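Working notes, structure below.
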Amino acid sequence: DAPFPPALSSPLLGKHWDMNKLKMYVSHVKQRFSPTLSASSEAILTAYYKHQRNGSERNAARTTIRMLESMIRLAQAHARLCYHDEVSADDAVAAVQVLESCQSPESMNQGLHVQGIDTPDDDFRRYHANLMIRLGLAPPEGGSSAGG
C-alpha cells in the first residue's frame, strides 16, 4: 500500500475526521487508485448477477448489464476508500450489500448493525458467508477480513 499524503497522515488517525479532511481523502483516493477486479471479486459479482437474472423474484427492469456495471463501480469505489489497488472479495460483497439494501425495505434491516449483539465486522463476516452460500461459492478461507 502507498503511504498517505502528509496532509492526511496525522495524529487524527483513530479520531473522527471533519468534512474537509474527508473531502481531501476522497479526492486523494479518486486520483491515486484505479482498482482492477481480482478473480475472487469478479466471481462474486458475476455469480450475483447470474443469480439475479435467474432468480424467481427477478425484476427484469432492474437486472440489466447496467446493474453489473454499477456493482463493479461500487466495488471499485469501496476498494478506493479502503486504499487498495485491487478489488477484493470483501469489496465485491460490500457492493452487493449496498445494492441489496437499496432494493427492498426488508433487506435494509439485514445489513444494519444491532448494538450490543455483535460488532459490525462480525455482521459483515456473517453477511459475506451467507452470500457465498446463496451464490453457491466456496466460503472465504479463514473468514472475511471485513473491510479489507
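Within the shell of other residues whose beta carbon sits under 15 angstrom from the beta carbon of PRO120, the net charge comes to -3, with Lys and Arg scored +1 and Asp and Glu -1. Residues whose amide H falls under 5 Å from that of VAL87, counting only those 5 or more places apart or on a different chain, are THR36, LEU37, SER38, with hydrogens built in the peptide plane. Within the stretch 74-99, what residues put their amide N at less than 20 Å from the label point 7 Å along the Cα-to-Cβ vector of HIS51? So the set is 74-79, 87-99.
All of the numbers you see were taken from the coordinates with simple rules; none came from a lab. Note that the structure is predicted; figures quoted are calculated from it, not measured. A quick note on method: Cβ atoms are made from the backbone with ideal geometry, for glycine too, and the neighbour counts reach across all protein chains shown.
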